[in-house]
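**Student:** I'd like to ask you about the structure that follows.
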Amino acid sequence: MSYTIAEKILVEHSNHKDVVPGQFIECEIDLIMVHEQLGGRIHREYEKLGLDYVWDPNKIFFILDHWVPAPTISAAEMHQDCRKFAEKYKFIHNIGMNKGICHQVLPEMGFSKPGMLIVGSDSHTTTYGAFNAASCGVGNTDLFYAYLKGELWFRIPHTIKFNISGNLPHNVMSKDIIIKIAGDYTAEVASYKSIEFTGKTMEKLSIASRMTMSNFALELGAKFAFGVPDQKVVHWIKEKTM
């Protein structure tokens, strides 16, 4: 049986052999990305329930990037709560606040690889689909559960393929492409669907431009958004992980 990219990755992270769009399954998570939301809500729920563990400190990528430097006392206190939580539960990948934006830093540090299942506290976690990882943002309740169990339920999404061809005019970039798609097909065209961007134009795009496509696919409602699975991705990842 042939699968879409999303179906293949979700199946490989579950105990199912066959799936169909619309089916609900539980999947094991490879990596959790979390930013300031750790200090916003998650640590409070842990305190309420008296919990004293996380599923795997080595599979949590923690970074501060949304309010850096802290613009208010409340933001500074949130950062402080985040750090205390990360230290208490011995997060291995405690990145801090001086590296950059989460969706840029995570792949640049070699944490986003083909076939992975990644969830994050930011809606634009779809960015890692540029590296053929199934990645998506989730709400605080889901993230809280993932911290404890290392797994989440998913609905197998239908897939939309955008075949993009032709040469881009001067000063027309990947963001222009995705905005054009949103304008032509509406911002709801991919609601809880997986997108696969294909075609000669996609193959020509740099990794950075492909990241822009996957990042902005969230604005189309996409659950996942995959770029072209080619050697350009492989070479880029090898450079970051050597």
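**Student:** Filter the stretch 21-36 down to the residues that are within 15 Å of the chain's Cα centre (by Cα) and over 13 Å from Ala146 (Cα atoms) and list them by number.
**Tutor:** His35 - this is the single residue of the stretch 21-36 that is within 15 Å of the chain's Cα centre (by Cα) and over 13 Å from Ala146 (Cα atoms).
**Student:** Now a separate question. What number of residues within the stretch 26-42 satisfy the criterion of being of a type outside the set (A, V, I, L, M), buried (at least 19 other Cβ atoms within 10 Å of the Cβ) and out of contact with any Ser or Thr (no Cβ under 7 Å at 6 or more places or on another chain)?
**Tutor:** 3
**Student:** When you scan the stretch 88-105, how many residues do you find that are under 25 Å from Glu26 (Cβ atoms), in contact with a strand residue (DSSP E or B) (Cβ under 7 Å, 6 or more places away or on another chain) and either part of a loop (DSSP other than H, G, I, E, B) or at pLDDT 95 or above (or both)?
**Tutor:** Residues meeting the conditions: 1.
**Student:** If Val119 meets every condition in (1) in the same structural domain as Ser191 (by TED's automatic domain parsing); (2) in a strand (DSSP E or B) apart from one, which number is that one?
**Tutor:** Going through (1) in the same structural domain as Ser191 (by TED's automatic domain parsing); (2) in a strand (DSSP E or B) one by one, Val119 breaks only (1).
**Student:** Here's a follow-up. What are the residues in the stretch 9-45 that are in a helix (DSSP H, G or I) and not acidic (Asp, Glu), if any?
**Tutor:** Ile9, Leu10, Val11, Gln37, Leu38, Gly39, Gly40, Arg41, Ile42, His43, Arg44
**Student:** For the stretch 123-182, which fully contained strands (runs of 3 or more DSSP E) count at least 3 residues that are buried (at least 20 other Cβ atoms within 10 Å of the Cβ) and outside the structural domain of Asn215 (by TED's automatic domain parsing)? Reasoning before the result, please.
**Tutor:** Details: elements: 134-137, 151-155, 158-163.
Where strands (runs of 3 or more DSSP E) fall fully within the stretch 123-182 and carry at least 3 residues being buried (at least 20 other Cβ atoms within 10 Å of the Cβ) and outside the structural domain of Asn215 (by TED's automatic domain parsing), they are 134-137.
Residue-by-condition table, conditions (1) out of contact with any Gly (no Cβ under 6 Å at 6 or more places or on another chain); (2) hydroxyl-bearing (Ser, Thr, Tyr):
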| position | (1), (2) |
| --- | --- |
| Gly137 | no, no |
| Tyr147 | yes, yes |
| Leu152 | yes, no |
| Pro157 | yes, no |
| Lys161 | yes, no |
| Lys180 | yes, no |
| Asp184 | yes, no |
| Val189 | yes, no |
| Lys193 | yes, no |
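**Student:** Among the residues of the stretch 47-64, write down those that are surrounded by 19 or more Cβ atoms within 10 Å (Cβ to Cβ) and free of Cβ contacts under 8 Å to residues at least 60 places away in the same chain.
**Tutor:** Passing the criteria: Phe61, Phe62, Ile63, Leu64.
**Student:** Could you list all residues from the stretch 180-235 that are among the acidic types (Asp, Glu) and either without any contact (Cβ under 8 Å) to a residue 60 or more places away in the chain or farther than 21 Å from Met116 by Cα (or both)? Before the answer, list the steps.
**Tutor:** Here is the first cut: in the stretch 180-235, the ones among the acidic types (Asp, Glu) are 184, 188, 196, 203, 219, 230.
The answer is Asp184, Glu188, Glu203, Glu219, Asp230.
**Student:** Can you name every residue in the stretch 192-242 that is of a type in the set (S, T, N, Q), more than 14 Å from the chain's Cα centre (by Cα) and over 14 Å from Ile178 (Cα atoms)? Show your work before the answer.
**Tutor:** First pass over the stretch 192-242, keeping only residues of a type in the set (S, T, N, Q): 194, 198, 201, 206, 209, 212, 214-215, 231, 241.
With the extra rule that they be more than 14 Å from the chain's Cα centre (by Cα), the set shrinks to 198, 201, 206, 209, 231, 241.
Within the stretch 192-242, Ser206, Gln231, Thr241 meet the criteria.
The values are calculated or read from the model by the stated rules, or taken from the named source; none is laboratory data. Quick caveat: nothing in here was measured; it's all calculated off a predicted structure. Note: ideal-geometry Cβ built from the backbone for every residue, glycine included; neighbour counts use all protein chains shown.
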